[in-house]
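Before any comments, here is the structure.
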Amino acid sequence: MAASWWLVLLAGALGMALGLVVAVFWRPRRALLVPEVYVQGLNHLLSDRSDEAVEAFLEALRQHPESTDILMALGRLFRRRGELERALRVHQYLLEQPGLSLSLRQEVLLEIARDYLKSGILNRAESILKELLQRDDRYVDGLQALAELYELGADWSQAVAVRRRLKALGREGQEAIIALICGEMAEAAIGRGDVMAARQYLAEAREVDPDSPRTLLIEGRLAFVEGAWERAAGTWARLLDTGAYPALLLVVRPFLEALKRCLDQPSCRSWRARLLDRFDDTLTVYRVAQALLEVDGTEAARDYLRRALNARKGLPVVQLLLRLETPTPELLPQLVQVIGDLPMPNPQFQCAQCGYRTGEHHWRCPSCRSWGSFTGGTLWT
C-alpha cells in the first residue's frame, strides 16, 4: 500500500516536472525538443536512482539556467519522499547560483528551512526563517513555517504569537489553531496543578474561538471536578450538534455521570436523550455503550444497543449486544456462537485531511500535522 502511494506521488511529481520542462523549452511554431539531460534525469527517477537523478538535473541547470523551477520541484519531491539530504543538496545548489533574483533567493531559502524542519534540525530552520522575516516581517509563508517549527518543538507561547501575526495578515483558519494551542497550554497547567493559569489560557482561547471543542472539554472537566454537574454537562452538551461532536466521545463517561447527578433538571434530561439518540458510527456506539455499562449498568447499555441495532443494523452492534445479553431462543445457537466470536472491529478516529486513523484522539494529526482535523471513526458497512 505504501509503495503504491509513493508511486502515485512520484507520477504526479514527474508529470509536474515534465510540464515545467515543456514550459521552459517550448517555443511557438517550433518542434518540442526536450534536452537529453532532462530525459536522463526523468529516467533515473523512474528507475529509483535518486543520486543519478540529482546529478542529471544539476547538470541540466548548468546547461539551462532558466530552468530553476524544475530543480525546485525536484527538491520538494525528494523532501516529500523523505530523501532529505538530496532535497537539501538540490536547494543549496540553487542558492549558490549567480544572478539569483531576490524573490527567488527568498523562495529557495524557505525551501531549505523546510528541509531542515522536516529533518528535525530546528535550530538551523529557525535561524533561516528569522533571517527571512527580518527582511520582510509580512512574509506569510515564512511565518507559517515558523509557526510549524515552534509547534513541532512544543514552544506553544511562541507558536501562538506567530499564529496571531498570521491572523493579522489575513491567513485564514488561525483562530481555531490558536484556541487548540491554548488548550495545550491549559492542559499542561492543570497537569502541574496551576488551575488559575489554565483558566487564563482558556479565556484566551474563548476570545479567538468561542466554540473551540478543546476549550469546551477542558472547561467541562474543571466544572466536573468542582462538582458543578449541570454546568459541566451543559458545557459538554454544546458539542452535541456541532461538527466537533466526536470530541465529546473523549468525555462521554463523565458526561453521563454529570447527567445522572442532575436528571432532576429538564435540561439534563434533554441532553441525555440527545446523546442516546446518536448512532453516527461504530466508534460512537462503542464508546457510548461502554460508558452506559460503567455508569448506568447493563440494562441501560442493552437498551441503547437495541435501539442502535434498529437504527443501523450493523454487525458491530450485533456483536456488542450479544456480549451483553442472552440471545432469544429463536436464534440458532450456532449462529450466535459464530457472530459472537467474530473479531471486533477496531473503532478509530480519522483525520479528515489525510485519512490517518488511530484509536487515540489527537488535536493535531501526527501524520499531516493538521490542527482539529480528527473526526468520527469507522463508517458503517
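The values are calculated or read from the model by the stated rules, or taken from the named source; none is laboratory data. Quick caveat, the model's predicted, so the values are computed rather than measured. For neighbour counting, all protein chains shown are included, and Cβ atoms are generated from backbone atoms with ideal geometry for every residue, glycine included. Quick note on the areas: whole protein, heavy atoms, side chains included, nothing else; ligands and nucleic acids left out. Shrake-Rupley method; radii C 1.70, N 1.55, O 1.52, S 1.80 Å.
Results, tabulated for the structure shown:
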| item | result |
| --- | --- |
| Table column - 3J(HN,Hα) (Hz), the stretch 236-252, Karplus curve with 6.51, -1.76, 1.60, x for Gly and Pro | 5, 5, 5, 8, 4, 10, 10, x, 8, 3, x, 4, 4, 5, 5, 10, 5 |
| ³J(HN,Hα) computed for each position of the stretch 298-308 - Karplus, 6.51 cos²θ - 1.76 cosθ + 1.60, integer Hz, glycine/proline x | 5, 5, 5, 5, 4, 4, 4, 5, 4, 5, 5 |
| Probe 1.4 Å, accessible area per residue of the stretch 128-234, Å² | 46 |
| The stretch 109-184 - Rg over Rh from alpha carbon coordinates, Kirkwood radius | 0.95 |
| Whole-Å semi-axes of the stretch 219-259's equivalent ellipsoid (Cα gyration tensor) | 17, 9, 8 |
| The stretch 155-270 - percent of accessible surface contributed by carbon and sulfur, probe 1.4 Å | 50 |
| Relative contact order of the stretch 63-149, pairs being alpha-carbon contacts under 8 Å that are 6 or more residues apart, as % | 21 |
| Calculated FRET efficiency for the pair Ala161/Arg192, C-beta based, R₀ 22 Å, to 0.05 | 0.50 |
| Estimated distance in nm for a label pair at Arg105 and Asp264, the labels positioned 7 Å out from Cα along Cα-to-Cβ | 7.5 |
| Computed Rg/Rh of the stretch 63-176, alpha carbon atoms with Kirkwood Rh | 0.99 |
| Inter-probe distance in nm under a simple model that places probes 7 Å from Cα toward Cβ, at Asp211 and Arg323 | 3.5 |
| Contour excess over end-to-end distance, with Cα ends at Arg306 and Glu85 and 0.36 nm allotted per residue | 73.9 nm |
| Solvent-accessible ranking of Thr242, Thr215, largest area first, probe 1.4 Å | Thr242, Thr215 |
| Computed FRET value (nearest 0.05) for Leu122 with Glu96, which takes r as the C-beta separation and R₀ as 25 Å | 0.55 |
| Under Karplus coefficients 6.51, -1.76 and 1.60, residue-wise ³J(HN,Hα) of the stretch 362-370 in Hz, glycine/proline x | 10, 6, 10, 4, x, 8, 9, 6, 6 |
